[in-house]
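The structure appears right after this line, and notes come after that.
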Amino acid sequence: MYTISVAMAAYEGAKYISEQIESILPQLGNKDELIISYQKSEDDTEWIIRKYENSDPRVRVHLCKEKGLFHNFEHALINCKNEVIFISDQDDIWMPEKVDKMLQALIENNVNAVVSSCKIVDSKLKPIKTITKKSHYIKPFEIIIKNIVQGSCLAFERKYLKYILPFPDNIPMYDSYIGLIISTYGKVKYIDDELMLYRQHDNNVTSRTHKRMKYMIDDRYRLVKAYISKIQEVKRIGTL
């Protein structure tokens with residue numbers, strides 16, 4: 001069985017982060033780890049995550065000195081050491097079977113990354129809607145068009161960090177970018193299991209809002225530009 005690293009980015013997350021951590025830790029084994037990269041906050045985020053670090057050796061906290069969500073997630077990923085990386089937001093809740101089902105999907109489908117379905121809830125965990133599509137293998141074109149890879153629903157083999165990091169400048173979506181790279185050099189499977197409560201609230205920095213068409217087109221252009229640049233770079237590095 002794989003060893004697991006959970007990569008979490010924390011910033012101004014005191015209100016919900018304990019609930020998220022409490023939903024993750026029972027699913028981890030002794031050799032697994034929860035890597036929390038945090039940026040200095042005005043609330044009690046650092047105090048909360050340090051409390052978990054001091055009480056559980058699987059929790060490892062790292063200060064990210066660079067500003068911005070993408071840098072924070074990048075810093076978390078850099079510090080992940082195990083074979084499979086799960087990405088986690090600071091304000092969601094994992095279903096108790098999330099880790100087992102996603103690892104099972106990786107193994108049984110012989111893929112390099114898995115994206116699960118999730119249920120969107122409000123700040124009080126009241127259901128809003130469910131993001132569900134039929135289970136299938138995800139192709140790069142689908143990621144560009146539909147944004148089907150949501151970071152907090154993603155688990156992937158760590159070996160792909162060689163090509164994923166560092167994140168290119170000016171990418172609009174780090175999760176779609178990760179999905180593009182892995183689906184190009186490996187296989188990505190979407191599974192229709194609802195394995196997470198995706199909390200949407202006023203302070204949710206990762207929630208996806210509806211954009212005007214011109215901004216959506218600009219996002220896709222920047223994503224594809226970064227993707228092509230990375231592909232060219234990978235050709236110089238060599239293959240996995």
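Residues that are touching a Phe, Trp or Tyr at 6+ places or on another chain (Cβ under 8 Å) and either of a type in the set (Val, Ile, Thr) or over 18 Å from Leu28 (Cα atoms) (or both) within region 80-106 comprise Val84, Ile85, Ile87, Asp91, Val99, listed in sequence order.
I'd like the residue in region 16-31 that is under 17 Å from Ser152 (Cβ atoms) and in contact (Cβ under 8 Å) with a residue 40 or more places away in the chain and, out of all such residues, is most open to solvent (accessible area, probe 1.4 Å). Checking each candidate, the answer is Glu19.
Looking only at residues of region 137-188 that are aromatic (Phe, Trp, Tyr) and buried (at least 20 other Cβ atoms within 10 Å of the Cβ), we find that the one that is farthest from the chain's Cα centre (by Cα) is Tyr177. At least 3 residues being among the hydrophobic types (A, V, I, L, M, F, W, C) is the threshold, and among the strands (runs of 3 or more DSSP E) wholly inside region 109-185 those reaching it are 113-121, 154-157. All told, Lys129 meets the bar of being charged (D, E, K, R), open to solvent by 50 Å² or more (accessible area, probe 1.4 Å) and within 20 Å of Met196 (Cα to Cα).
Hey, among Phe167, Phe156, which residue is more than 28 Å from Glu22 (Cα to Cα) and of a type outside the set (Asp, Glu)?
Details: Phe156 fails: more than 28 Å from Glu22 (Cα to Cα).
The conditions single out Phe167.
Among the criteria (1) more than 16 Å from the chain's Cα centre (by Cα); (2) within 21 Å of Ile148 (Cβ to Cβ); (3) open to solvent by 20 Å² or more (accessible area, probe 1.4 Å), the one Val111 does not fulfil is (3). Selection over region 47-100 of residues that are within 20 Å of Ser23 (Cβ to Cβ), among the hydrophobic types (A, V, I, L, M, F, W, C) and assigned to a loop (DSSP other than H, G, I, E, B) gives a count of 2.
Report yes if Lys67 is at pLDDT below 95 and of a type in the set (D, E, K, R), otherwise no. Taking the combined requirement at face value, the residue satisfies it. Pairing each residue of region 51-79 that is more than 11 Å from Leu165 (Cα to Cα) and open to solvent by 90 Å² or more (accessible area, probe 1.4 Å) with any residue that is part of a loop (DSSP other than H, G, I, E, B) and of a type in the set (D, E, K, R), provided the two are 6+ apart or on different chains, yields C-beta distances under 9 Å for Lys65/Lys40. Just one of (1) open to solvent by 70 Å² or more (accessible area, probe 1.4 Å); (2) of a type outside the set (Asp, Glu); (3) farther than 23 Å from Met173 by Cα fails for Val99. It is (1).
The values are calculated or read from the model by the stated rules, or taken from the named source; none is laboratory data. Just so it is clear, the model here is predicted, and its values are computed rather than measured. Methodologically, a virtual Cβ is constructed for each residue, glycine included, from the backbone with ideal geometry; neighbour enumeration extends over all protein chains shown. When the accessible area is computed, the model is the full protein with side chains, heavy atoms only, and any ligands, DNA or RNA have been set aside. Shrake-Rupley method; radii C 1.70, N 1.55, O 1.52, S 1.80 Å.
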